[in-house]
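The values are calculated or read from the model by the stated rules, or taken from the named source; none is laboratory data. Bear in mind the structure is a predicted one, so any value in this text is a computation, not a measurement. As a convention, Cβ positions derive from the backbone with ideal geometry for all residues, glycine included, and neighbour counts pool all protein chains shown.
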Amino acid sequence: MGPRVRGDDDAAWDKQHRSELIVRRFQPTTAGRRGLRAAPRRDARHRHCAERSDEAIQADHGNPVGPWWAWLADTPAGVHSWRPSRNEEELAMVTIGFIGLGVMGEPMCRNLARKSGATVWGFDRAEAPLHRLAEVGVIRAASLAELAREADVIFMALPSGKHVQAVCDGDDGLLRHVEARHTIVDLGTSPVQTTQELAARFAANGAAYADAPIARTRQAAEDGTLSVMVGADAATFERLRPLIAMFATDITHCGGVGAGQIVKILNNMVLMQTVVALGEALETAKRAGLDPKLLFETLAKGSADSFALRNHGMKAMLPDTYPERAFSTEYARKDIGYALDLARSVQIDLPGAELADRRLGEAIEAGYGDLYWPVLARVIAASRKA
């Protein structure tokens, strides 16, 4: 695109060329780094930018004035000439892949697309989240092979370690497509041994692997205020931290690969034991003739206060409301199982975790497997001492 004197048809010219300008600004070395591979990525970014309004692009980057070309292109004198920071430039040059667009994955992917400035590709079996995410520029990948071909950093937000294993080691799994340029990130809760074994296999192909399980609620995922516990070497952690910051406010480097999973598994173990205790307190209060609402409100004012009390206790157990499409009893039992597996590997007995596992198992047997997991309170309520 050669020199040009701007005139009355500036608006039409801007609309025609604005994707070329953003590519020129944010991908100055892509062609040199990846050769012919740059072409499909440039096309993807062209589509992404052309579908977004000036206001949306400016809002993402905090640009206060002027048309977007004034701060992306080389600008004439007197025009506001904002330039992205080095970190923003580096983020924009990374192409992101996201696998698993469920309850937590969809809002995390949306935050990456809105905030990072990078091209984002999404993959999921369900159509609905892909349609919704297309509105913020996420590009649908037809296969894991296509996603690996286009993306540099690939996030996985999957229900369990078995799902992660299938995505990585299936017939069309990521292990068959990764290269040295890739970094693979597991955002879910997976067994420590599985995590470390996968990391070693990716490393054999030159790719980096990190476990970065998330904590907090779906609303936190929507708001970008999750807590993330990262297991990775220091260099990989530093590369990932700016991207994770698009959907998290608390990011902890727990140690090498697997350390993030250890912290998350123990986090869930403590949470589940706390919810069991809340269920026991709730039913004991009811049978003793005490107002359960008064009990929980009073506990919240003292040393028994907790996140579990204010969320699982007051919002689910007290009104006896346990929706589907939340973190289910089946998933909760999977996580407490990971804690018991970890305990066996280090030769320690965990009777509190074993009790939580038993209560969750009883809830599943009672037909509550698909309901929000604090439903175990109903099992406690139905119990009677002989």
* Boolean, LEU282 is buried (at least 16 other Cβ atoms within 10 Å of the Cβ), touching a residue at least 24 places away in the same chain (Cβ under 8 Å) and closer than 26 Å to PRO191 by Cα -> no
* List pairs: first in the stretch 290-317 and in the same structural domain as VAL275 (by TED's automatic domain parsing), second surrounded by 16 or more Cβ atoms within 10 Å (Cβ to Cβ) and modelled with pLDDT under 95, Cβ under 9 Å, 6+ apart or cross-chain? -> PHE307/ARG216; ASN311/THR217; ALA316/ALA326
* Give me the pairs, please: first residue somewhere in the stretch 241-260 and farther than 16 Å from CYS109 by Cβ, second residue anywhere and surrounded by 20 or more Cβ atoms within 10 Å (Cβ to Cβ) and of a type in the set (D, E, K, R), beta-carbon distance under 6 Å, and either six or more positions apart or on two chains. => GLY260/ASP211
* Asked: Checking LEU147 against (1) surrounded by 22 or more Cβ atoms within 10 Å (Cβ to Cβ); (2) touching a helix residue (DSSP H, G or I) at 6+ places or on another chain (Cβ under 7 Å); (3) under 30 Å from ASP370 (Cβ atoms); (4) not aromatic (Phe, Trp, Tyr), which test does it fail?
  -> (2)
* Asked: Among the residues of the stretch 96-112, which ones are touching a strand residue (DSSP E or B) at 6+ places or on another chain (Cβ under 8 Å) and outside any loop (DSSP other than H, G, I, E, B)?
  -> ILE96, GLY97, PHE98, ILE99, GLY105, MET108, CYS109, LEU112
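Closer than 21 Å to ASN268 by Cβ, surrounded by fewer than 13 Cβ atoms within 10 Å (Cβ to Cβ) and not assigned by TED's automatic domain parsing to the domain that holds VAL103, is that true of SER345?
So SER345 fits the description; yes.
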* Evaluate the following for LEU360: is it in contact (Cβ under 8 Å) with a residue 24 or more places away in the chain, in contact with a Phe, Trp or Tyr (Cβ under 9 Å, 6 or more places away or on another chain), buried (at least 17 other Cβ atoms within 10 Å of the Cβ) and not assigned by TED's automatic domain parsing to the domain that holds PRO129? => yes
